[in-house]
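The values are calculated or read from the model by the stated rules, or taken from the named source; none is laboratory data. Keep in mind that what you see is a predicted model, and the values were worked out from it rather than measured. All Cβ positions, even for glycine, are placed from backbone atoms using ideal geometry, and neighbour counts span all protein chains on display. Surface areas here come from the heavy atoms of the whole protein model, side chains and all, with no ligands, DNA or RNA. Shrake-Rupley method; radii C 1.70, N 1.55, O 1.52, S 1.80 Å.
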Amino acid sequence: MLLRQCIERSTVTLALIGCLLSANLAVAQAPPSPGQPWEIPESAIGRAAALGDNGFAFPHKQYELAALVDLAERENPQTREAWEVAREAAASVGLAESAYLPQLSLQAIGGFQRTPLPAPKNLVPAGYFVSDTREVIPALALKWLLFDFGRRDAQLEAARADSFVANVAFTGAHQKLIFEVSQAYFDLGAARGKLHAAQKALSTALTTQDAATAKQNSGLATVVAVAQAQRQTAQARYTLAAAEGAERTARANLIAALGVPAATEIDVVDSAELPLPPAPADSVSRAIDQALAHRPDVIAALGKVDAAEAALKGERRAYYPVIELAAQAYQNIGSLNSDGGPYSNIDRPGESVFLSFSVPLFDGGMRRNRIAMADAKAREAQEQLAAARDSASQQVVRAYNGLLTSLAEYEAATVLTQAAHTAYEAALRSYHQGVGTYTDLATEENAVVQGDTQVEDARANAHTAAAALALSMGAIDIAGVQP
């Protein structure tokens, strides 16, 4: 089977579960087998704290990325939904296994019947007599499907494949949630960085305005230069207001990714304190190979292929006969009379055993159409597997190149902002000494603002690109998004 080959080749299950251990994601275990009690881990569906009327109560502390992911794992409904889907799939395995066991039922029938029956007229002049019957028959019935040429085996195989797919999807939901929280966290860091840059830009604009005003008071600057400086300051105030709004929006997006009430206030550690992620250690081809072996969507597509092939096998078995055993043990409790005479009573046990053999001969094409549908679904699953592999490869290449680009942009932006600050300080000194123009000073002021903003964008992009690469390779965990 494709799925078993994949597991033997890359130990997929261990890789998927192991990649989440550092994020306290041990809840991504397979559901217990049918008949065992369900013990849902607290970290999967438990509530970390009580919900209040106006928000979410939890310990007041600074939340770094790992703590935010842990909070999301406990509170985001997506993980609980994926867990319930896995439970449903595990129950379907138990349902398929139950088809191998006999069905035992307790039955009872009782009632009264008045029946006219024909009789010879030489015995009964009226030509008939009336029989009154009162009867209660409790019974213990047994029904057991003994042989069906592999139809139940195919159904069980399909149910197990579906259960595996659901558990892989559960792991995939965790990985997706880690990425969404990480992306929102780094977006908030970028918004905070831009806010700090806007505050510095306003301070720089005020410094430039003060310099222009001082030169005007000394008769060395025109009214136009002062007005231009005031315009730069007003623009900096507008940019600061926009940056404050963007920071609030980014914080709201993070709260939404966590799955906690929108009014929740959380003290989040600034991502600017984190070092940049390293460049990819492996080549892009090796990254693609890892993605094809470990990505939940690819593995789930393999599981769907197995499930579809098992379903097709089961439909083909519908042309074969089935052998069933039926047995019954009962107690006949009743009475009988004829034409109003005295009742004859009975209270005796009885039993029956039947072995049935049935072969379907004609059903109007129902089996043929069911096989055609199952065959189409099997081919569809194969195409979905191919599409999942292609999509995974493309996402790895994009994320790989995105990380390299973001790291290069950050390095270039750092050099740019250092040069911009140096040039601005030199232009400001020249302007104070009367050898520089306001136009030169304003140009360097704008370069400082642009450089600081690009540094913050590049920093957030590098962290997000690293998380995207880990997600595309199917290996995202806290270690994969936080250096």
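Before moving on, here are some points about what is shown:
- Qualifying positions in the range 93-107 - within 25 Å of the chain's Cα centre (by Cα) and surrounded by fewer than 19 Cβ atoms within 10 Å (Cβ to Cβ): 94, 95
- Counting only residues that are charged (D, E, K, R) and surrounded by fewer than 22 Cβ atoms within 10 Å (Cβ to Cβ), the range 445-470 holds 1 of them.
- Of all the criteria given as (1) part of a helix (DSSP H, G or I); (2) open to solvent by 50 Å² or more (accessible area, probe 1.4 Å), the one not satisfied by residue 262 is (1).
- Condition broken by residue 342, with the remaining ones in (1) out of contact with any helix residue (DSSP H, G or I) (no Cβ under 8 Å at 6 or more places or on another chain); (2) farther than 27 Å from residue 145 by Cβ; (3) open to solvent by 60 Å² or more (accessible area, probe 1.4 Å); (4) touching a residue at least 12 places away in the same chain (Cβ under 8 Å) satisfied: (4)
- Yes/no for residue 265 being in contact with a Lys or Arg (Cβ under 8 Å, 6 or more places away or on another chain) and of a type outside the set (S, T, N, Q): no
- Conditions (1) acidic (Asp, Glu); (2) open to solvent by 30 Å² or more (accessible area, probe 1.4 Å); (3) part of a helix (DSSP H, G or I); (4) touching a residue at least 40 places away in the same chain (Cβ under 8 Å): number failed by residue 289: (4)
- So residue 309, is it without any contact (Cβ under 8 Å) to a residue 40 or more places away in the chain, acidic (Asp, Glu) and open to solvent by 50 Å² or more (accessible area, probe 1.4 Å): no
- So residue 395, is it open to solvent by 40 Å² or more (accessible area, probe 1.4 Å), in contact (Cβ under 8 Å) with a residue 24 or more places away in the chain and touching a helix residue (DSSP H, G or I) at 6+ places or on another chain (Cβ under 7 Å): yes
- Flag if residue 434 is on the phi > 0 side of the Ramachandran plot and open to solvent by 40 Å² or more (accessible area, probe 1.4 Å): yes
- Criterion violated by residue 210 - all others in (1) open to solvent by less than 80 Å² (accessible area, probe 1.4 Å); (2) part of a helix (DSSP H, G or I) satisfied: (1)
The rows are residues; the columns are (1) farther than 29 Å from residue 66 by Cβ; (2) out of contact with any Pro (no Cβ under 8 Å at 6 or more places or on another chain).
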{"site": "168", "(1), (2)": "no, no"}
{"site": "177", "(1), (2)": "no, yes"}
{"site": "181", "(1), (2)": "no, yes"}
{"site": "192", "(1), (2)": "no, yes"}
{"site": "202", "(1), (2)": "yes, yes"}
{"site": "209", "(1), (2)": "yes, yes"}
{"site": "212", "(1), (2)": "yes, yes"}
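- Of all residues in the range 293-303, those satisfying the criterion of being in a helix (DSSP H, G or I) and either over 18 Å from residue 176 (Cβ atoms) or open to solvent by less than 20 Å² (accessible area, probe 1.4 Å) (or both) are 293, 296, 298, 299, 300, 301, 302, 303.
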